[in-house]
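The values are calculated or read from the model by the stated rules, or taken from the named source; none is laboratory data. Here the structure is a predicted model, which means the values were calculated and not measured. Backbone-built Cβ (ideal geometry, glycine too); neighbour counts: all protein chains shown. To get the accessible areas, we keep the full protein, side chains included, count just its heavy atoms, and leave off ligands, DNA and RNA. Shrake-Rupley method; radii C 1.70, N 1.55, O 1.52, S 1.80 Å.
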Amino acid sequence: MRAGATPIRELVEIDERRLLRRLDDLSQRGALEAGGIYRALYTPAWSSAMDLVAAWLKEAGILVRRYAVGNLWGRIEGSRGGRAIVTGSHIDTVRGGGALDGALGVVAGIEAVTSLWQTFGRPTRILECVAICEEEGSRFDTNFWGARAIADRLEPGEVDRARDAEGVTLAAAMRAAGLDPANAVNAARRDVDVFLELHIEQGPVLEEHGARLGVVSVVAGTAHLEVTVHGQPDHAGAMAMTRRRDALLGASAMTLAIADLALRMGQPAVATVGTIAVEPAQVNVVPDLVRFSVDARHTDAERRRELVTTIAEVCKTIGRERGLDVEVRTLRDRPPVALNARVADVLRRACAAAGVEALDVASGAGHDAQMLAAAAHTGMLFVPSIGGRSHCPEEATAAEDVVLGTRALATALRELAYTP
Ligand SMILES: [Zn+2]
């Protein structure tokens, strides 16, 4: 990547009505009657969204390719070739998600590349936009499937091992969507120079600072723990309160203590107990087994390790005090990922060209960019989420911020792909 330190003078114009209309059109694909959207990997709603994206690219005269795991690429050849400049995000959503998570980066990426192509013609560098097939982990017990495939980080046997709630394997779902699972490894790209992702913030930081754009310096590392608490089943009427080994009471004390730990460590530490299962789950039996999940994050590797270790210790201490046996298992452990400083600088200058000083932010949420950082010089641009809300039907960003973010993205892409 080459980038000068001079200010970017010219802001790239985009078609804002087309951008907003397309975001709206995409939000109809997978719309749920109860509100929100669900576009799960390899489902008919997902295929229909991918078809729509492909149609937009074809309309602009951009070469469309869809292969391997189903990531959809729009490509403009550069006059000088070399490694590609790429922008994009994921097309899938959580169940009942909003219209912008992932979709913004897909639609804005197409808009930016289309506008550049129509205004400035052929770039010197290869310029591509991508709709990444899956990021959320909302259907299969895996996530970042699309970005890991690009970064050549799929796990051996993953297509046959990962299953959805109905027991359908990734491989079977791929076949049903017309893709060959044996081909998944061919999704890897070793020729990407820069990857830019525009995304909604999904938290309240930009809004709290009155900032309209944010440049991400680091994506928080995530640990997923599974805590199992063993107590003793007893009669809910006959067993005295003082003699019980109630696993649910223990798990409840642990849940409160975990939140308190993250709170005392301070921002950006976060810890969440998101699922809990109780056995035997009968109204008149003292619970003897509880299993719950913990999601713990921090942008600093050292602090994150400290948070995870302390959570495990606190659970064990509470267990001992209450006569409960506690097991803590690490299911996933992803370190924080620092994004590329030079790409961040290009993004900051593009924001300045748009008349806005970007705020340096850390991302608490996980993103495709953190996986692609292993394969390319990677940068992320955030626009504010109203009320910090996301992963819900209320997820929204002011239209003028959506437009501003897309302009800044297009301006950064021009700087990178139209080098003299
Ligand atoms: Zn997302």
The stretch 319-368 - residue that is β-branched (V, I, T) and either in a loop (DSSP other than H, G, I, E, B) or open to solvent by 20 Å² or more (accessible area, probe 1.4 Å) (or both) and, of those, nearest to S138 (Cα to Cα): T330
Complete set of residues in the stretch 78-90 that are more than 10 Å from the ligand (Cβ to nearest atom) and either small (G, A, S) or not in a strand (DSSP E or B) (or both): G78, S79, R80, G81, G82, A84, G88
Residue tally, condition more than 16 Å from the ligand (Cβ to nearest atom) and either open to solvent by less than 10 Å² (accessible area, probe 1.4 Å) or in contact with a helix residue (DSSP H, G or I) (Cβ under 6 Å, 6 or more places away or on another chain) (or both), over the stretch 369-383: 1
Test: V185 is in a strand (DSSP E or B), open to solvent by 20 Å² or more (accessible area, probe 1.4 Å) and touching a residue at least 40 places away in the same chain (Cβ under 8 Å): no
Filtered residue count, the stretch 53-71, keeping only those that are touching a residue at least 24 places away in the same chain (Cβ under 8 Å), under 26 Å from G366 (Cα atoms) and surrounded by fewer than 24 Cβ atoms within 10 Å (Cβ to Cβ): 2
Subset of the stretch 171-182 (residues that are part of a helix (DSSP H, G or I) and either open to solvent by 10 Å² or more (accessible area, probe 1.4 Å) or touching a His at 6+ places or on another chain (Cβ under 8 Å) (or both)): A172, R175, A176, P181, A182
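Run down A40, A49, A45 and say which single residue is assigned to a loop (DSSP other than H, G, I, E, B) and within 19 Å of E136 (Cβ to Cβ).
None of the others qualify; the one that does is A40.
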Residue within the stretch 217-237 that is assigned to a helix (DSSP H, G or I) and either within 16 Å of the ligand (Cβ to nearest atom) or over 29 Å from I311 (Cβ atoms) (or both) present: no
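Only residues that are among the charged types (D, E, K, R) and within 19 Å of the chain's Cα centre (by Cα): list them for the stretch 39-53, please.
Within the stretch 39-53, R39 is the sole residue that qualifies.
Only one of H209, H199 is open to solvent by less than 10 Å² (accessible area, probe 1.4 Å), under 30 Å from A398 (Cα atoms) and in contact (Cβ under 8 Å) with a residue 40 or more places away in the chain; which?
Only one candidate qualifies: H199.
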Residue within the stretch 173-196 that is within 16 Å of the ligand (Cβ to nearest atom) and under 30 Å from E302 (Cβ atoms) present: yes
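State the number of residues belonging to the stretch 257-299 that are part of a loop (DSSP other than H, G, I, E, B) and open to solvent by 70 Å² or more (accessible area, probe 1.4 Å). Even if it seems obvious, please write down each step before you answer.
Within the stretch 257-299, the first condition is being part of a loop (DSSP other than H, G, I, E, B), and the residues that meet it are 266-269, 280-284, 287-288, 299.
Checking the rest, the ones that are also open to solvent by 70 Å² or more (accessible area, probe 1.4 Å) come to 267, 281-284.
Count: 5.
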